[in-house]
Amino acid sequence: MGDQNGATRFVIDLSENVKYTVSVIDDPYRVVIDLPVVTWQLSDADEKRRLGVIERFRFGRFDADTSRLVLDLGGPVEVARTFVLPPEGTYRYRLVVDLKPVSKEAFVPNRPAVQAAPPPQVAARPPITERPRNTKPVVVLDPGHGGVDPGALGTTGTREKDITLAMAKELKQTLEASGRFTVVLTRDTDVFIPLQQRVRLARDAGASLFMSLHADSVNVASISGASIYTLSEQASDKEAEALAAKENRADLIGGLDLGDQGNNVAAILISLAQRETMNLSARFASYLVPEFSKDWHLLRNTHRFAGFAVLKAPDVPSVLVELGYLSNPNDERALSRPAGRKPVVDAVARAVNRYFDQHPT
């Protein structure tokens with residue numbers, strides 16, 4: 001990165017020439033750079049650099065065919081120019097993006113092409129009907145974050161997206177080993193999945209139960225333990241409200257614009273008048289809390305309520321599980337190792353079995 005006459009220059013070194021797109025988005029201001037799937041190689045010093053209008057950046061897989069880099073900005077900009085420099089001397093190809101600060105009035109958003117198509121009509125889908133008898137219950141596990149969105153960071157740099165994916169894979173293996181369940185993951189690699197797509201994946205799979213897995217990080221290192229959230233538009237406390245607001249911004253971190261989603265969300269919220277779904281979600285949480293208490297430690301007021309976007313499938317009982325706090329050294333250490341995660345996996349598996357003992361599909 002460099003600063004030239006008030007403009008900020010961002011340069012990506014490439015091993016070969018590639019196609020790319022550069023877009024700018026507001027609320028908050030970001031630049032999104034989409035590339036073919038690439039391998040990122042950055043030093044610690046590179047990741048910590050801040051210059052000009054660029055306050056921070058994040059990168060990773062966006063989908064099966066795209067790697068995405070998101071630059072978080074301190075204010076509105078225009079992309080003055082972009083170009084690729086050919087190899088010269090010791091340099092290979094270099095993608096150059098020049099950003100120039102502009103006024104709010106002069107700012108013109110140029111959203112990623114991936115958003116050009118109208119959003120799928122989630123609310124128009126018919127409710128999932130009763131499954132044929134003698135079929136296995138479908139449990140959908142949703143490893144939070146992924147790809148360009150690392151989620152929370154631990155005291156030693158542990159990334160939430162890695163912890164949740166490892167936990168989901170281990171839980172899938174345990175549940176399937178019983179022969180009782182079909183288990184589907186919303187992602188099984190380090191890729192970004194928009195929140196509403198996670199909901200659609202669960203519904204399309206015919207889910208009988210949906211679990212979104214997360215691990216938080218806060219400024220108080222002594223806070224630790226698991227908590228379970230079910231959906232309510234009225235948060236149970238300020239902490240739950242703040243956490244939901246943070247998690248619901250994941251699509252913004254990924255560079256998506258959700259401005260067109262209002263009608264779909266409104267329709268889904270109307271569908272949530274189906275109180276049975278919310279009651280079943282709370283029922284599963286009531287099984288999970290005591291099972292957690294046997295093998296793992298719990299946050300106070302363990303079962304909480306908030307308006308998480310990822311829990312808004314109108315016909316799938318859904319919970320969001322905060323496995324622990326990566327800002328707590330003990331939680332981070334345990335959740336970073338298979339042996340440390342095993343008590344959590346076992347507790348969740350017991351709760352899933354209890355739930356379907358009482359509520360067979």
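Read-outs: derived from the displayed coordinates by stated rules, not from any lab. Being a predicted model, the structure only gives us computed values, none of them experimental. Methodologically, a virtual Cβ is constructed for each residue, glycine included, from the backbone with ideal geometry; neighbour enumeration extends over all protein chains shown.
Only counting other Cβ atoms within 10 Å, I'd like Arg81, Arg304 sorted with the fewest neighbours first. Could the numbers behind the result be given before it?
Values: Arg81 13, Arg304 23.
In increasing order of surrounding Cβ atoms, one gets Arg81, Arg304.
For each of Phe192, Phe107, count neighbouring Cβ atoms within 10 Å of the residue's Cβ, then give the residues from fewest to most.
Working: Phe192 26, Phe107 16.
The fewest-first ordering by Cβ neighbours comes to Phe107, Phe192.
Under a crude label model (7 Å from the Cα following the beta-carbon direction), how far is Thr361 from Ser293 in nanometres?
Here the answer is 3.0 nm between the modelled labels.
Could you put Glu105, Glu170, Glu332 in order, starting from the residue whose Cβ has the fewest other Cβ atoms within 10 Å?
Details: Glu105 6, Glu170 18, Glu332 25.
Fewest to most other Cβ atoms nearby, the residues stand as Glu105, Glu170, Glu332.
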